[in-house]
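Chemist: Encoded as structure tokens, here's the structure I'll be asking about.
The values are calculated or read from the model by the stated rules, or taken from the named source; none is laboratory data. Keep in mind that this is a model prediction, so the values were computed, not measured. Cβ placement follows ideal geometry from the backbone for every residue including glycine, while neighbour counts extend to all protein chains displayed. Side chains are part of the model used for accessible areas, which takes the heavy atoms of the whole protein and leaves out ligands, DNA and RNA. Shrake-Rupley method; radii C 1.70, N 1.55, O 1.52, S 1.80 Å.
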Amino acid sequence: MAHLCFQVLSTSFFTPKPQIPVLLSPGAACIKSIHQYRYLYLKAMQDDKFSTPPCDESKVRVPHVLTVAGSDSGGGAGIQADIKACAARGVYCSTVITAVTAQNTVGVQGVNIVPEDFVAEQLRSVLSDMPPNVVKTGMLPSTGIVKTLCQSLKEFPVQALVVDPVMVSTSGHTLAGPSILDSFREELLPMADIVTPNLKEASALLGGVPLETIADMRSAAKAIHDIGPRNVLVNGGDLPASLDAVDVFYDGNDFYEFHSSRIMTPNTHGTGCTLASTVAAELAKGSQMLSAVKVAKRYVEAVLSYSKNIAIGGGCQGPMDHLLKLKSNVERRPFDPCDLFLYAVTDSRMNKKWGRSIVDAVKAAIEGGASIIQLREKEVETGDFLEAAKACLKICRVHGVPLLINDRIDVALASDADGVHIGQSDMPAHVARALLGPDKIIGVSCKTPEHAQQAWIDGADYIGSGGVYPTNTKENNKTIGLDGLKTVCVSSKLPVVAIGGIGMSNAQAVMRLGVPNLKGVAVVSALFDRECVMTETRKLLEVLKESTKIAK
Ligand SMILES: Nc1ncnc2c1ncn2[C@@H]1O[C@H](COP(=O)(O)OP(=O)(O)OP(=O)(O)O)[C@@H](O)[C@H]1O
Ligand SMILES: Cc1ncc(CO)c(N)n1
Ligand SMILES: [Mg+2]
């Protein structure tokens, strides 16, 4: 059972190439490409080759990242940042130490490189006994250590490899010299699922090209992708302080820019290590690459913001406090776009009309198969709304159904609901994100491609698009029709749920639009302006399931 869970986790974010002409023999030493490496990983899982003991139902397997990096005596970067970031994200972290640095908030006073064969021994100890889901690398101070690591990864394949090509500390001290570049380019990067250079490192990997603008970062991401990693994230922490902190992600097909406000603080030591470790931690939990990067970026921004005024050390670059205020969020299930499939939105007027409480309405919708609930209670007093939200949350948690609150970020925070849904005239989504932190779900109503683009930039998780059909539930609401919905879906980088006048009779027409990121329908009257909410939800679920069969 535990093995099965692990396998599902591990296959969820990479696509094994279908026809790979490799056999497990003649041995791992001849593995040439990342595809072979992945194939071997899957094959080993199937053949149960890992040395984990037979599974025991009472044992819980935790997501696990192995970091191969240097120790920072100041505790802000390197191994120490990696352990704290993983801990804050609810992921187990084992460590292989490649160098011990004497470092503080003033700079790096000394570096002591761990002998290559002892790095190999640490790798063997961890990989042979406690296979991690993901390996993340930081400071790799010699070519020999890079080669040892690559060899170990071929012997003990893992689900994903995150490479932070650490070269220079923020204070300007060299942590891995230019002699390392060839082994990075020839051996490590081609094995990486993602590489996360800062501006100086991206420039060094490309032979010293100057990188000063976002356009430069895009070109660099593309050129680094050509070296062989599956994904590249160029970090913009070192862009001029007048600009937002913008990171550029490239997956070989598309570019994505991740924007966050620039936190004005001296405490930015270890941001790069933290970002890469958080990507690794999210991948270990089973996230897709793009979601992992998105969450990691938000996490770094939240930690910087929480730590902006802490005072540790007398130098000019202080560390962050990774765990501050974030502990309560670690157990939240990551948002899954499939949750949008049957999205039930409550309405106090309708529930009053049919003589039921909000809680009874929610219970019935969940029993009927609703996959996400939004409380849209325009006429309820704040205190009553909060009590209802807390009661609904208990039911939703039992069933693993996310609960969102319409408009009221205060109620979402006070009840610890899973997130909010906001409109174009509510609080801007980036402000909601800053208030709610990196984990909560944020949905935004969007009628145009421009709205959808802004929602992406602002850090939303999904968009609601409509009214698809005319509706009485919302006054003065422009109908965009199926064509308008399609236009928004095609342009949106976020998953979409369709809303507005949708019910049993037209849900199939909506789903048959067949645009990949249209994930479901949101309904109000068709469920709650009816006598039996459970029956109506069940019927709609059948209709939706039928439409996905037809689409196939
Ligand atoms: N002042 C800031 N405000 C918000 N985000 C920041 C700030 N500084 C850095 N970041 C973010 O932190 C992440 C790491 O980027 P950065 O370029 O600082 O890496 P780095 O130089 O390798 O860091 P370090 O060497 O200190 O570990 C990126 O997502 C970047 O946008
Ligand atoms: C050990 C170590 N790794 C990485 C960095 C980069 O921040 C650092 N300063 N020290
Ligand atoms: Mg760095």
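Chemist: I'm checking my understanding of the structure. Among residues of the stretch 72-102 that are among the polar types (S, T, N, Q) and open to solvent by less than 20 Å² (accessible area, probe 1.4 Å), which one is farthest from ligand 1 (Cβ to nearest atom)?
Modeler: Ser94
Chemist: Being open to solvent by 10 Å² or more (accessible area, probe 1.4 Å) and either under 17 Å from Cys273 (Cβ atoms) or charged (D, E, K, R) (or both) is the requirement here; does Leu149 meet it?
Modeler: No: the conditions fail for Leu149.
Chemist: Condition first: under 25 Å from the mean Cα position of the chain (by Cα), modelled with pLDDT of 95 or more and in a helix (DSSP H, G or I). Can you find one or more residues in the stretch 159-181 that meet it?
Modeler: Within the stretch 159-181 (the criterion being under 25 Å from the mean Cα position of the chain (by Cα), modelled with pLDDT of 95 or more and in a helix (DSSP H, G or I)), the answer is no, since none of the residues qualifies.
Chemist: Now, a different point. Going by the structure shown, is Ile214 open to solvent by 30 Å² or more (accessible area, probe 1.4 Å) and in contact with a Lys or Arg (Cβ under 6 Å, 6 or more places away or on another chain)?
Modeler: No; evaluated as a whole, the condition is false for this residue.
Chemist: Turning to a different aspect of this structure: Is there a residue being on the phi > 0 side of the Ramachandran plot and open to solvent by 60 Å² or more (accessible area, probe 1.4 Å) anywhere in the stretch 349-357? Full working, then the answer.
Modeler: Step one: list which residues in the stretch 349-357 are on the phi > 0 side of the Ramachandran plot, which gives 355.
Right, trim to open to solvent by 60 Å² or more (accessible area, probe 1.4 Å) and you get 355.
The answer is yes, given that some residue of the stretch 349-357 is on the phi > 0 side of the Ramachandran plot and open to solvent by 60 Å² or more (accessible area, probe 1.4 Å).
Here is a yes/no grid of residues against (1) near ligand 1 (Cβ under 9 Å from one of its atoms); (2) within 23 Å of Thr95 (Cα to Cα); (3) open to solvent by 40 Å² or more (accessible area, probe 1.4 Å):
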residue	(1), (2), (3)
Ala204	no, no, no
Ala241	yes, no, yes
Asp244	yes, no, yes
Phe249	no, no, no
Gly272	yes, yes, no
Ala280	no, yes, no
Ala284	no, yes, no
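Chemist: On to the next question. In this structure, is Ala276 in contact with an Asp or Glu (Cβ under 6 Å, 6 or more places away or on another chain) and either within 16 Å of ligand 2 (Cβ to nearest atom) or part of a helix (DSSP H, G or I) (or both)?
Modeler: yes
Chemist: Which residue, of Ala192, Ala223, is open to solvent by less than 50 Å² (accessible area, probe 1.4 Å), within 16 Å of ligand 3 (Cβ to nearest atom) and in contact (Cβ under 8 Å) with a residue 12 or more places away in the chain?
Modeler: Criteria check complete, one pass: Ala192.
Chemist: Kindly check whether there is at least one residue in the stretch 154-175 that is within 16 Å of ligand 2 (Cβ to nearest atom), more than 22 Å from Val246 (Cβ to Cβ) and hydrophobic (A, V, I, L, M, F, W, C).
Modeler: Yes, that holds for at least one residue.
Chemist: Just name the residue that is nearest to ligand 2 (Cβ to nearest atom) out of those in the stretch 176-198 that are farther than 24 Å from Gln109 by Cα and among the polar types (S, T, N, Q). Working first, answer last.
Modeler: We begin by selecting, within the stretch 176-198, every residue farther than 24 Å from Gln109 by Cα; these are 182-196.
Right, trim to among the polar types (S, T, N, Q) and you get 183, 196.
Values: Ser183: 18, Thr196: 11 Å.
Within the stretch 176-198, the match that is nearest to ligand 2 (Cβ to nearest atom) is Thr196.
Chemist: Can you tell me which residues in the stretch 416-457 are crowded, with 17+ Cβ neighbours inside 10 Å, at pLDDT below 95 and acidic (Asp, Glu)?
Modeler: Those that are crowded, with 17+ Cβ neighbours inside 10 Å, at pLDDT below 95 and acidic (Asp, Glu): Asp426, Asp439.
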